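Asker: Dumping the structure here so I can ask a few things about it.
The values are calculated or read from the model by the stated rules, or taken from the named source; none is laboratory data. Keep in mind that what you see is a predicted model, and the values were worked out from it rather than measured. Using ideal geometry, Cβ is built from the backbone for each residue, glycine included, and neighbour counts are taken over all protein chains shown. For accessibility, only protein heavy atoms count, side chains too; no ligands or nucleic acids. Shrake-Rupley method; radii C 1.70, N 1.55, O 1.52, S 1.80 Å.
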Amino acid sequence: MYVIGLQEVNSKITTFLSDLAFDDPWSIFFMTVLSPLGYMKLSSVRMQGLLLLIFVKHVHLPFIRDIHTHYTRTGLYGYWGNKGGVSIRLSLFGHTICFMNCHLPAHIENTEQRLDDFEKILEMQFEGEGIPSPLDHELLFWFGDLNFRIADYGIHFVRESINNRRFSLLWEKDQLNMAKKKEAFLKEFKEGPLLFKPTYKFDLYSDVYDTREQKSLFWFNEKKRKPAWTDRILWKVKNNSETSKEGEFPEEENSISISLTNYFSHMSYGISDHKPVTGTFKLEMKPLVSDPLVTLNAEGEWSAEHDVLIRYSAGPEFPSSAWDWIGLFQMNFRHVKDYVTYAWVEDDEIASNRDSKQVYMSGSEIPKMGGEFLLCYYSNNLQSIVGISEPFQIQPSQTPVEKDLPGEGSSWLQKPDNPGSGDSVESPKNSEL
């Protein structure tokens, strides 16, 4: 999985409204990079300049459920979203995970305000029944521009320590490290060692700390900012003993474990006065969910020469809906709405028995060029992909496009009108995850 948190994304009113109507440039960029590698955008949430994106490999899609998003404003006493947090929670193979991307108040003197704001973000609740609070998830990631600074030491001592790569001299005065020792709600959060240079504040397009040559209001020189590790990634694993009954021991096989592979900054990026930070984690768990809710496959040979068949079967507990659909996707599809065509599972059903059902797609909607494709079953009730087929080949059409004749040859079944064409119903192209 790739989980990407951005802060201070361009949120001028015209840009923000455009990004609400269409994918924002950052999402498009990451989809362009990751979709050829077999990752699709699972979910995203944005609040003004805060953006959180999750990309996953296709193979995991049927085992990721209960996806919910939330945002919490903390700027201007909770009325403005320039500061706060955006969150995505989900169930991965039956285990609950929450991701929180935060942008907390700036300036060295605002430590208490940062802590108060994060406590407020932690108190939020996702919409829906039975969804745990952030701290009650088995695994919680907290990251972003947390804006904690280095206290007490002067700018010259801090810079000299950095130049000599004696980062450990600064750790004990890092405000977040200090807070983790005092604040009960932070004590269980873990972080990798800060073995990279503080990530703020740099001159743009350089690896030089703030020289601040520009003038401020009334032509006074602004004070140079002291370097700080403002950009952080932390995590918390829920203690199993919290949920076990008195006198009982938690089942170790149901636990989730995480290890940090690497944690560093990327000095080559210069478009911001911050340097981006990445953490790579290895997550190990016993799958509590091992079977997809829906299994499906393409039947027979597929080509645009004729209508094609899909067979699927659903588990007994699957909450099916008349608005469920099966999409045909290219192998490097970007997100759930990036389908080639689709079939409604009820309206396009042609046969069923106790074990499975059969759905058709019109040959006129099948790509004539052929290639390798996937089928995905989208659940309207669960708002996610719950089944995915093995890759399969569509044979190139032997009939030149200009010689296709209406009413001849290919379609042996008449597909009903698109239920999404009416005013009261949205087609999948207009629906949201």
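Asker: I need the semi-axes of the equivalent ellipsoid of region 48-123: take the C-alpha gyration tensor, multiply each eigenvalue by 5, square-root it, list largest first in whole angstrom.
Answerer: Each semi-axis is √(5λ); the values are 29, 12, 10 Å.
Asker: Let me ask you something else. Just in region 268-344: which chymotrypsin sites (Phe, Trp or Tyr not before Pro) are loop by DSSP and have at most 15 other Cβ atoms within 10 Å?
Answerer: Tyr269
Asker: Length gain on complete extension for the stretch Glu119 to Glu8, per 0.36 nm per residue less the alpha carbon to alpha carbon distance?
Answerer: Going from the current span to full extension adds 37.8 nm.
Asker: Just subtract the alpha-carbon distance of Met1 and Glu129 from 0.36 nm times their residue separation and send over the number in nm, one decimal.
Answerer: Numbers: separation 128, 0.36 × 128 = 46.08 nm, distance 2.63 nm.
Contour length minus the Cα-Cα distance gives 43.5 nm.
Asker: Taking only protein heavy atoms into account and a 1.4 Å probe, give the accessible area per residue of region 24-112 in Å².
Answerer: Ligands and nucleic acids excluded, the figure is 38 Å² per residue.
Asker: Less than 13 Å Cβ to Cβ from Leu139, Lys/Arg counted +1 and Asp/Glu -1: what total charge do the surrounding residues give? Let's see the in-between values first.
Answerer: Numbers: positive: Arg89, Lys190, Lys236, Lys238, Lys282; negative: Asp136, Glu138, Glu188, Glu284.
With Lys, Arg at +1 and Asp, Glu at -1, the net is +1.
Asker: Next up: Could you calculate the FRET efficiency of Thr341 with Ser290 from 1/(1 + (r/R0)^6), where r is the beta carbon distance between them and R0 is 22 Å, rounded to 0.05?
Answerer: FRET efficiency, Thr341 to Ser290: 0.10.
Asker: Right, another one. Where in region 39-129 are there GluC sites (Glu not before Pro) that are in a DSSP coil and have at most 12 other Cβ atoms within 10 angstrom of their Cβ?
Answerer: Passing both the DSSP loop test and the Cβ count: Glu123, Glu127, Glu129.
Asker: Here is a follow-up. I need the phi-derived Karplus couplings for region 2-10: 6.51 cos²θ - 1.76 cosθ + 1.60, θ = phi - 60°, integer Hz, Gly and Pro marked x.
Answerer: 10, 10, 10, x, 10, 10, 6, 5, 3
Asker: Once both labels are modelled 7 Å past Cα along the beta-carbon direction, what's the Met369-Ser321 spacing in nm?
Answerer: Going from the Met369 label point to the Ser321 one covers 3.3 nm.
Asker: So which GluC sites (Glu not before Pro) in region 133-199 pass both tests, a DSSP loop state and at most 16 other Cβ atoms within 10 Å of the Cβ?
Answerer: On the way: sites: Glu138, Glu160, Glu172, Glu183, Glu188, Glu191; in loops: Glu138, Glu172, Glu183, Glu188, Glu191.
Those satisfying the criteria are Glu172, Glu183, Glu188.
Asker: So, one more: Given a Förster radius of 30 Å and the C-beta distance between Leu204 and Arg159 as r, what FRET efficiency does 1/(1 + (r/R0)^6) yield to the nearest 0.05?
Answerer: So, using R0 = 30 Å, E works out to roughly 0.95.
Asker: Provide the gained length on full extension for the span Trp171 to Arg354, in nm with one decimal, where the gain is 0.36 nm per separating residue minus the Cα-Cα distance. Intermediate results must be reported in sequence, preceding the final value.
Answerer: Numbers: separation 183, 0.36 × 183 = 65.88 nm, distance 6.36 nm.
Roughly 59.5 nm would be gained on extension.
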